[in-house]
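Reviewing the structure listed below.
Just so it is clear, none of the values below were taken in a lab; they were calculated from the coordinates. Just so you know, these numbers come straight off a predicted model, no measurement behind them. Neighbour counts run over all protein chains shown; Cβ positions are idealised from the backbone, glycine included.
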Amino acid sequence: MLHEMPTLPYDMEALAPAMSKETLEYHYGKHLQTYINNLNRLIVDTPFEGMSLEEIVRQAEGGIFNNAAQTWNHTFFFQGLAPDQPPVSERLAEVLGRDFGSVEAFKEKFTQAAVGLFGSGWVWLVADEKGFLSVDSEQNAGNPMRKGLKPLLTIDVWEHAYYIDYRNRRAGFVEAFWKLVDWGKVDENLFGR
Ligand SMILES: [Fe+2]
């Protein structure tokens, strides 16, 4: 099956100034499109051709894994942002408090992981099979579903995610990210609709 560009739940200029239209034009419009094009080209005449994106992410290696995971990760990242940020729900705040101490302590831990990740990668808030939350750092295209963990929230810390708006200042990008997190999606990812 052919993999297609996901739709964005907001306009390209809606996340500015935290994330500019130009960043989205490159990051969503060009980088993500390239991963999807590569994936569609690489899976032709392989067992992955008939699989869902998630199955490919779970099973593939090498170039097919890299492009499939980058497709999945970017889709999850972009769809987890919102211009009008809903508040952290009470039940989500309770679980974050249980596993990190408080919502603020979680944000601090996630921020440290995002700023501190060496090179390119992704930092995730994940739940294990018992529902306990933790912060997971992944290099390159890494995806925590490979370890049996459920993704709840992610930040892309590849340079292409922030270089237009923040140049080399990854910390500035991470700070701005907190103004864009769709807490309603995080709640939904953990508890379901
Ligand atoms: Fe990216």
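General remarks:
- Magnitude of the charge dipole, the stretch 1-117, Cβ model with Lys/Arg +1 and Asp/Glu -1, debye to 20: 200 debye
- Rounded to whole Hz, the Karplus (6.51, -1.76, 1.60) HN-Hα couplings of the stretch 156-170, x for glycine and proline: 8, 10, 5, 4, 5, 6, 9, 5, 5, 8, 10, 6, 8, 8, 4
- Percent of alpha-carbon pairs separated by more than 21 Å within the stretch 1-96: 43 percent
- Estimated [θ] at 222 nm from DSSP helical runs (n ≥ 4, -39500 (n - 2.57)) normalised by residues in the chain, nearest 500: -13000 deg cm²/dmol
- Amide H contacts under 5 Å for LEU153, placed H, 5+ residues apart: LEU125
- Pairwise Cα distances in the stretch 90-191 exceed 15 Å for 61 percent of all pairs.
- Over the C-alpha trace of the chain, radius of gyration and Dmax come out as 16.3, 49 angstrom.
- Cα→Cβ-extended label distance, 7 Å offset, between MET145 and ARG193, nm: 1.8 nm
- Modelled spin-label separation between MET5 and ASP84, with each label point placed 7 Å from Cα along the Cα-to-Cβ direction: 2.5 nm.
- Per-pair calculated FRET efficiency, R0 = 45 Å: GLU49 and GLU22 via Cβ, rounded to 0.05: 0.80
- Across the stretch 57-70, computed HN-Hα scalar couplings (Karplus, 6.51 cos²θ - 1.76 cosθ + 1.60, θ = phi - 60°) run 4, 6, 10, 7, 10, x, x, 5, 4, 4, 6, 5, 5, 5 Hz from first to last residue, x flagging Gly and Pro.
- Taking GluC sites (Glu not before Pro) as exposed when DSSP calls them loop and at most 14 other C-beta atoms lie within 10 angstrom, the chain has its longest site-free stretch at 62-128.
- Under 5 Å between amide hydrogens, built in the peptide plane, is the criterion, and for LEU81 it picks out ASP182 among residues at least 5 positions away or on other chains.
- 18 Å tail of the calculated P(r), the stretch 72-148, as % of Cα pairs: 49 percent
- The HN-Hα couplings worked out from phi for the stretch 82-95 by the Karplus form 6.51 cos²θ - 1.76 cosθ + 1.60 (θ = phi - 60°) are 8, x, 10, 6, x, x, 5, 5, 4, 5, 5, 4, 5, 6 Hz, whole numbers, x standing for Gly and Pro.
- Eigenvalues of the alpha-carbon gyration tensor of the stretch 138-193, scaled by 5 and square-rooted, set the equivalent ellipsoid semi-axes at 24, 16, 6 angstrom, largest first.
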